[in-house]
Amino acid sequence: MNALRRSLRLVFETAQNALGRIFPDAWNPLLNLGALGFFFYWVVTVSGIYVYAFFDTGAAQAFGSVETMTNEQWFHAGLMRSLHRYASDGLVVVMLLHLLREFANDRYRGARSFSWLTGVPVLVLVYVAGITGYWLVWDKLAQYVAIVTSEWLDKAGIFGQPIARNFLSPEHLSDRFFTLMVFMHIAVPLIALLILWVHLQRITKPRINPPRGLAVGTLLSLLVLSLVWPATSQGPADLLEVPADIGLDWFYLPLYPLFETLPGPVTWGSSIALLVMFLAIPWLPPMRRASPARVDLVNCNGCARCFADCPYSAITMVARSDGRPFEREAQVNASLCVACGICAGACPTATPFRRATPLHPGIDLPDLPLAAIRERLHAASARLTERPRIIVFGCGNGVPLSGLDSPGVGVVQLACSGHLPPSFIDYVLSRDLAEGVVLTGCAENDCHNRFGISWTEQRIAGERDPYLRQRVPRERLRTLWAGPLGRHRLEALLETFAAELSRLPSLAEERARRRRELAEAGDD
Amino acid sequence: MTDLLRYVGQAVFYAVVVLGIGYFSQRPIYEHIPPDKAQILLSFSHGGARVEACRRLSAEEIARLPPGQRRPNTCSRRRLPIRVQLVLDETVIFDQVLEPGGLAGDSPAHAYEKFLVPTGRHRLLVRLEDRGRTDRFAYESELVVDLRPRQNLPIDFKADKGGFIFYL
């Protein structure tokens, strides 16, 4: 499973990097798959409502009304029909890519299995909605879909009378069956939407809208496709003739030729096995979960910064339980915590300058406490023998850091870039542990823990608590968000950064200059 | 990369994606049935005769029943299996005994069978026995038909309409 994940991740990273050359980072389609799924869903909904206004639901009238839309009302209803079809296909594409990408990035196990489990029924429901939609046109494709679907359902052996008999001859066809299909085609997407709402419950600030530029580009391209290559019907259904050459929608119906020919036990058995496998994937094998973040009430003042920064809604603020004069305290829901450490990075008490008392912040990771990170930092700095000395802070999901240590470069690994309190950067430079600091991690807009990069950048820019202090010389700090394929970029950055640092005055000289400036300002 | 090249790149990306969507939305064409074949679809729901005919209960039998369940007749709910045979040009292509449906065997038996046959002129003979006899069929219908390429010929059975119905 690991090898499969790694190979898939490599494919996605390569594609992302390629798209990153032509799209602005925020617009990269592969970094917006979930949001694009929602976008397609809304396009399908709006175009579906429009088309429904012109659609006759009777078995005898359905085909004619769709033909009228396509041929006589092509500039509005026909266009909407095509948009409805192509956006539905787009939805399947981004949904499957989203699923594969989350699998490749190992974001489906442990605390994240909830999103996976709630996503699988949505996948099934989207397919049901699409298949019932094809049924409604009542052309030759609809006839094929209706017959193969009902024959497949009959093979389950749970229906009293074969459903497929409803399509035996024109005399057997009933409007009531059509009404049922219309009902399903409307109800199923609504149920899917409800489950999508549940799907997003365990993540903070979910991105459900793609960036405007990407949305406009996607919609425009769908519109152009709908105008240039409009969706058409495949001749009226005729139950006295077998649909022969069928233009299948391979996004929705790729298994239909198999369903039609293979025996019932095989198709039902493999369908159920596939569904069970999808549902069981988070436990194949289960994730070895790191210990969840732990609150130390002695140092927690209930400031709620960890609550605001947690990407998984794993922290809640509850009434104070220790009698100290604060209104609230942080509480960690262990089942939601992925141990990313972003909460520790947000804690105002997480400062490495504390030497008189042990470094125990208000919230911390038991498996990788900030005190241990400070120790590793000291050890890495002590090994540096070549100037300029650079300390690289990086996460385990981004640029690979193994073997990067050298006489001039020391590496300190974090759980996530957002795990690092900004005061550590100040600490490195003010305590003369290195001449420069590099922060690196996942690719831009693709943080494994969703907000690690954003929060780090905002903390450095002084836009989000805790701020990186103004006194930290920014020319001695570099960030690189490059992902697993960014090793060459990191090496190149280290080379140029070292050259730049060599040209800067020493840290001692800078501190002396600053003291002089402060003294002069005081004299004035 | 210049902005112009990036925009061109984006346009190419969108074009490739929507062309892919447009193409696989209806292509490649799937040949569901060869052009030189037609289909015979035999399907019906029909209940065979009851295994045991209804019989009047004797006074003693009625007296033995609990007071709330006393009735004049007793009827077995279970039905007999149905035998169906389809003969195409003197060749038996289907001959099967269909068990009644339902857990108690008291529901109609169902048939839904498809046969791909060469196009052209054929003589079809279809028979059904629903009373448990082995030496004869209760219903029998014959049809000489010129099957067109990809024609679907459904055959239904409705006892109240006299037997088999061919939809042409």
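What follows draws every value from the coordinates through simple rules; no lab data is involved. Everything numeric here is computed off the predicted structure, so don't read it as measured data. For neighbour counting, all protein chains shown are included, and Cβ atoms are generated from backbone atoms with ideal geometry for every residue, glycine included.
For chain A, averaging the sequence separation of C-alpha pairs within contact (under 8 Å, six or more residues apart) and dividing by the residue count gives a relative contact order of 12 percent. For chain B, leaving out every one of the trypsin sites (Lys or Arg not before Pro) that falls in a DSSP loop and has at most 15 other Cβ atoms within 10 Å, the longest unbroken run is B:1-69.
The mean count of C-beta atoms from other chains within 10 Å of the C-beta of residues in A:248-259, rounded to a whole number, is 3.
Loop-located trypsin sites (Lys or Arg not before Pro) in the range A:283-348 (DSSP state not H, G, I, E or B) with no more than 10 neighbouring Cβ atoms inside 10 Å: A:Arg288. The lysines whose alpha-carbon is closer than 25 Å to the alpha-carbon of B:Lys37, local same-chain residues fewer than 8 away aside, are A:Lys140, A:Lys155, B:Lys114.
Semi-axes of the equivalent ellipsoid of chain B are 56, 28, 10 Å, computed as sqrt(5λ) over the eigenvalues of the C-alpha gyration tensor in descending order.
Taking 12 Å as the straight-line reach from the Cα of A:Lys205, the aspartates and glutamates in range (excluding those fewer than 8 positions away in the same chain) are A:Asp309. Applying 1/(1 + (r/R0)^6) with R0 = 51 Å to the Cβ-Cβ distance of A:Glu475 and A:Glu67 gives a FRET efficiency near 0.15. Spin-label model, B:Arg27/A:Leu227: points 7 Å from Cα along the beta carbon direction are separated by 2.2 nm. The residues A:Glu241, A:Glu491, when put in order of fewest to most other Cβ atoms within 10 Å, stand as A:Glu491, A:Glu241. For the range A:465-482, 3J(HN,Hα) computed residue by residue from phi via the Karplus equation (6.51, -1.76, 1.60; θ = phi - 60°) reads 5, x, 6, 7, 4, 4, 5, 6, x, 5, 5, 9, 10, 10, 10, 9, 10, 10 Hz, glycine and proline entered as x.
The aspartates and glutamates whose alpha-carbon is closer than 17 Å to the alpha-carbon of B:Lys158, local same-chain residues fewer than 8 away aside, are A:Glu171, B:Glu113, B:Glu129, B:Asp130, B:Glu140, B:Glu142.
Counting neighbouring beta carbons within 10 Å and listing from fewest to most, the residues A:Val332, A:Val122 come out as A:Val332, A:Val122. Farthest towards the positive end of the charge dipole of the protein assembly as shown, among the residues A:Pro189, B:Thr91, A:Pro361, is the Cα of A:Pro361, using unit charges on the Cβ of Lys, Arg, Asp and Glu.
For the range B:48-94, what's the relative contact order in percent, using C-alpha pairs closer than 8 Å and at least 6 residues apart?
Result for the range B:48-94 is 42 percent.
Using a simple spin-label model with pseudo-atoms 7 Å out from Cα toward Cβ, A:Ala371 and A:Glu517 lie 3.7 nm apart.
Axis angle, to the nearest 10 degrees, between helix B:3-24 and the longest C-alpha principal axis of chain B: 30 degrees. Placing dummy labels 7 Å off each Cα toward the beta-carbon, the span from A:Glu463 to B:Glu61 is 9.0 nm. The range A:355-464: percent of C-alpha pairs farther apart than 23 Å? So the portion of pairs separated by more than 23 Å is 26 percent. Scoring A:258-268, A:400-410, A:130-140, A:361-371 by mean Cβ neighbours within 10 Å over their residues and listing the highest first yields A:130-140, A:361-371, A:400-410, A:258-268.
Counting neighbouring beta carbons within 10 Å and listing from fewest to most, the residues A:Arg9, A:Arg85, A:Arg459 come out as A:Arg9, A:Arg459, A:Arg85.
Scan chain A and note any complete DSSP helix (H) whose C-alpha atoms cover at least 15 Å along its axis and whose Kyte-Doolittle average is -0.5 or more.
On the way: long enough: A:2-22 (30 Å, -0.09); A:33-52 (28 Å, 1.58); A:79-104 (37 Å, 0.74); A:113-136 (35 Å, 1.46); A:140-154 (21 Å, 0.40); A:175-199 (36 Å, 1.73); A:212-228 (24 Å, 1.96); A:264-280 (23 Å, 1.59); A:370-383 (20 Å, 0.01); A:487-503 (25 Å, -0.31); A:507-523 (24 Å, -1.51).
Both cut-offs are met by A:2-22, A:33-52, A:79-104, A:113-136, A:140-154, A:175-199, A:212-228, A:264-280, A:370-383, A:487-503.
Projected over all directions and averaged, the alpha-carbon convex hull of the protein assembly as shown occupies 46.7 nm². A Förster radius of 41 Å, combined with the Cβ-Cβ distance separating A:Ala60 from B:Lys114, puts the computed FRET efficiency at roughly 0.95.
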